[in-house]
Every structure is written in C-alpha cells, then in structure tokens.
Amino acid sequence: MAVALDLGNYGAISDYSGLVTQAKLWLDRGSELDGLIPSFVALAEGYLNRTLRTPEMENIAAPTMVDGVFPLPADFLAMRGLTVGGRPLDAVSPALLADTYGALAGYSRAYAISGRQVRVAPYSSDPVSLSYWQRIPALNLNQPNNWLLDGHSDIYLYGTLLSAETYIDNPDRVAQWRAAFEGAVEQLVEASNKARWGGPIVARPGVLRVRGAVT
C-alpha cells in the first residue's frame, strides 16, 4: 500500500506562491524549472479532478432552461442528479431522448448531455436544480487559494514534485513522490468517505445477508 511521506511543517504553504517556493526548494535545481512549475501544478490538478469526489466538490446550480436546453456550469466535472419541478430525471442518450421523449407532453422525464449542454424532455418551464461535481479551482497568481490547498497542501506539493521529477526523468524520485502523492490522496478519500457515511458499515447482530438481500 502506498504510504505518504512526512516532509515536515506545511505551514509555509499557505497559498500558491508558497507552494511554488516549496516545490523549488525540494527540487533544488535553482531557477531551471521556474517557468515549468505552473504546468506541474496544473498536471497534478488534472489527476486530482479525475480522481477525487469529495464533499467539497459537490455543488448545486439553478440554470435557466430555454426551449428545454441549458448550458453546463463552467466548473462542471460530472453529474450527480437533475430535477425539474422537484422531480428527478433519468439520464439517457441524446438519441433515446429524441426518439422516446421528444414527442411526449407533460412534465419533464429525462435528460441527455451533448457537449457542454443539457437537453430535457418533455420540455417544461418548471425550475431546474442541477447537482454536480465541480472542478477544483485551479491555482495561479490570481487564484492563490482553494479548499484543497488550504486543507491538504501536502497533496499539492507531492503532486507537483511528481510531475516535475517525471519531466526530469528521475525514476527513483518519481517512485518516491508517486507513493507519497497516491498515499495522501487515498487518505483524503478515506477521510471523505468516513465523514459522509460516519465510518465503516457494521452488520447488526442477528441480520443475515444472503445474495445481496437482508433478511
């Protein structure tokens, strides 16, 4: 199992500039990689956006629908659920939406995502509530903080160093930072699951589970 490394006090990493400074210190290559460190940070964020689904990434929007269509939010990563008029909609393919629901009237029943737009059918004027996973706000000089850096700066540092050593082509260092990065991400996922569900599920005495059913 991957184990995160303890590099000491992360208090120095309070914002994006602090992250860049610490990454340069750990890489110990002078100014050679100064222009590439923002790319290393962005690469780490790309992996995290594909991997993490924490409570901090949950968001709800109320988009305006025009003729049964509305755009996805700019920070949209993945759908969690969609309701129109308080009724949950089924997710279907664009072809199935048109063939099965396009000619129906009444309240909305289903939706399909095409590109960066959502189409709902049948169309209604009821209010829309979109629950989705949102992208981690990308760090830069204009966006010096986000929830992940504020609470888990070690993940950002490990990920940045992993990207940097991969670029440098240093296999030993790549293995070291990969273990640290993946271990820290795993710990965050476990903590998020525990916070959401309150710990592991424990069967009650006298409950027999047979073929997925509780009797």
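Numbers for the structure displayed
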quantity	calculated
Residue in segment 167-184 that is nearest to the chain's Cα centre (by Cα), counting only those that are of a type in the set (Phe, Trp, Tyr) and surrounded by 17 or more Cβ atoms within 10 Å (Cβ to Cβ)	Phe181
Segments classed as strands (runs of 3 or more DSSP E), wholly inside segment 32-124, with at least 2 members that are surrounded by fewer than 16 Cβ atoms within 10 Å (Cβ to Cβ)	58-61, 69-71, 76-84
Filter result (within 16 Å of the chain's Cα centre (by Cα), closer than 12 Å to Gly18 by Cβ, part of a helix (DSSP H, G or I) and among the aliphatic types (A, V, I, L, M)) within segment 135-166	Leu149
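We did not get these values from a lab; they are worked out from the coordinates using the rules stated. All values derive from a computational prediction rather than experimental measurement. Backbone-built Cβ (ideal geometry, glycine too); neighbour counts: all protein chains shown.
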